[in-house]
Amino acid sequence: MRKPIIAGNWKMYKTHLEAEDLVKALKEKKLPAGVEVVLCPPFTALATVAQALAGTEIGLGAQDLFWEEEGAYTGEVSPLMLKALGCAYVIIGHSERRQYFGETDETVNKKVKAALRHGLKPIICVGESLAQREAGETDQFVAGQVEKALAGLAPEEIPQVVIAYEPIWAIGTGRSSSGVDANQVIGLLRRTIAREISEDLAQEVRIQYGGSVKPENIKEFMTLPEIDGALVGGASLKADSFYGIIA
Ligand code: PGA
């Protein structure tokens, strides 16, 4: 049985001071059992959020990492540094990183391997553009992204992986995918993992939906069998709306 995971991707929002307030407000609410909750603040707020989360069940994640452990890589953050701060998760290959920062399937694969090597669980983002959807290329494109992201992983690493299916046209637009469509694509991704790796391991991988998830539409996704939670952007920036999704 896969445990649903709701992760908040704060993107480039919240100073470490604002982050502390948000965590404080979230801690006042009672988390339901049976759902894993993860916060992914910007790098500059990770230490503060880690401290504020101490003693809670809420996990910590980063939004990116570099694949080397250390070295002359100005501006980059290594898996060792994230691990030392108490991160359990790291988002990899978000479409904004692919679009604005030149990430490719190859760099995503390197980052996934580096994360796993250091005991960080990757939340790997995949998703098609509107043009690809309209051209009927969604299935082939996202299955290819998943195959390339997971290439070369050891079988025992596969259950550590979380995948977030995030159609680009649904991110931050208020226009979410329908639950049925998201469930169909996520089912396809699971079958891709089954074919490439193994059926049993594919059944263990959690695959989230992301893109304009709100308290008002989360049920539409969570009632469908293939969808194991959500990666939430905008609605994770306020305690009430993020809690509304978790609850
Ligand atoms: P959104 O972002 O919830 O604001 O659409 C989701 C994401 O980019 O992870």
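The values are calculated or read from the model by the stated rules, or taken from the named source; none is laboratory data. Bear in mind that the values here come from a model prediction, so they are computed numbers and not experimental data. Note that each Cβ is placed from the backbone with ideal geometry, even for glycine, and that neighbours are counted across all protein chains shown.
Among residues of segment 66-84 that are within 21 Å of THR104 (Cβ to Cβ) and aliphatic (A, V, I, L, M), those with a Cβ under 8 angstrom from a residue that is at pLDDT 95 or above and not in a helix (DSSP H, G or I), sequence gap 6+ or separate chain, pair up as VAL77/ALA62; VAL77/ASP64; VAL77/LEU65; VAL77/PHE66. Quickly run through segment 77-103 and pick out the residues that are within 16 Å of the ligand (Cβ to nearest atom) and either hydrophobic (A, V, I, L, M, F, W, C) or in contact with a helix residue (DSSP H, G or I) (Cβ under 6 Å, 6 or more places away or on another chain) (or both). Those that are within 16 Å of the ligand (Cβ to nearest atom) and either hydrophobic (A, V, I, L, M, F, W, C) or in contact with a helix residue (DSSP H, G or I) (Cβ under 6 Å, 6 or more places away or on another chain) (or both): VAL90, ILE91, ILE92, GLY93, SER95, PHE101, GLU103.
Scanning segment 150-195 for residues that are assigned to a helix (DSSP H, G or I) and under 16 Å from THR138 (Cβ atoms) yields a count of 17. Name every residue in segment 179-225 that is surrounded by fewer than 19 Cβ atoms within 10 Å (Cβ to Cβ), over 26 Å from PRO155 (Cβ atoms) and under 17 Å from the mean Cα position of the chain (by Cα), in order of residue number. Once the filter is applied, which keeps residues that are surrounded by fewer than 19 Cβ atoms within 10 Å (Cβ to Cβ), over 26 Å from PRO155 (Cβ atoms) and under 17 Å from the mean Cα position of the chain (by Cα), segment 179-225 yields LYS214, MET222. For the subset of segment 91-105 comprising residues that are touching a residue at least 60 places away in the same chain (Cβ under 8 Å) and not in a helix (DSSP H, G or I), which member is nearest to ALA7 (Cα to Cα)? Among residues in segment 91-105 that are touching a residue at least 60 places away in the same chain (Cβ under 8 Å) and not in a helix (DSSP H, G or I), the one nearest to ALA7 (Cα to Cα) is ILE91.
Output yes when any residue across segment 128-140 is surrounded by 18 or more Cβ atoms within 10 Å (Cβ to Cβ), closer than 22 Å to GLY8 by Cα, within 16 Å of the ligand (Cβ to nearest atom) and not small (Gly, Ala, Ser), and no when none is. Within segment 128-140, one or more residues are surrounded by 18 or more Cβ atoms within 10 Å (Cβ to Cβ), closer than 22 Å to GLY8 by Cα, within 16 Å of the ligand (Cβ to nearest atom) and not small (Gly, Ala, Ser). Scan segment 8-24 and give yes if some residue there is in a helix (DSSP H, G or I), hydroxyl-bearing (Ser, Thr, Tyr) and free of Cβ contacts under 8 Å to residues at least 60 places away in the same chain, otherwise no. The answer is no, given that none of the residues of segment 8-24 is in a helix (DSSP H, G or I), hydroxyl-bearing (Ser, Thr, Tyr) and free of Cβ contacts under 8 Å to residues at least 60 places away in the same chain. Applying the set (1) in a loop (DSSP other than H, G, I, E, B); (2) surrounded by 15 or more Cβ atoms within 10 Å (Cβ to Cβ) to LYS111 leaves exactly one unmet item: (1). If you filter segment 226-245 down to residues that are more than 14 Å from the ligand (Cβ to nearest atom) and closer than 18 Å to PRO41 by Cα, you find that the one that is surrounded by the fewest Cβ atoms within 10 Å (Cβ to Cβ) is ASP240. The residues listed here are GLU96, GLU103, GLU36, GLU57; of these, the one that is modelled with pLDDT of 95 or more and over 28 Å from ILE168 (Cβ atoms) is GLU57.
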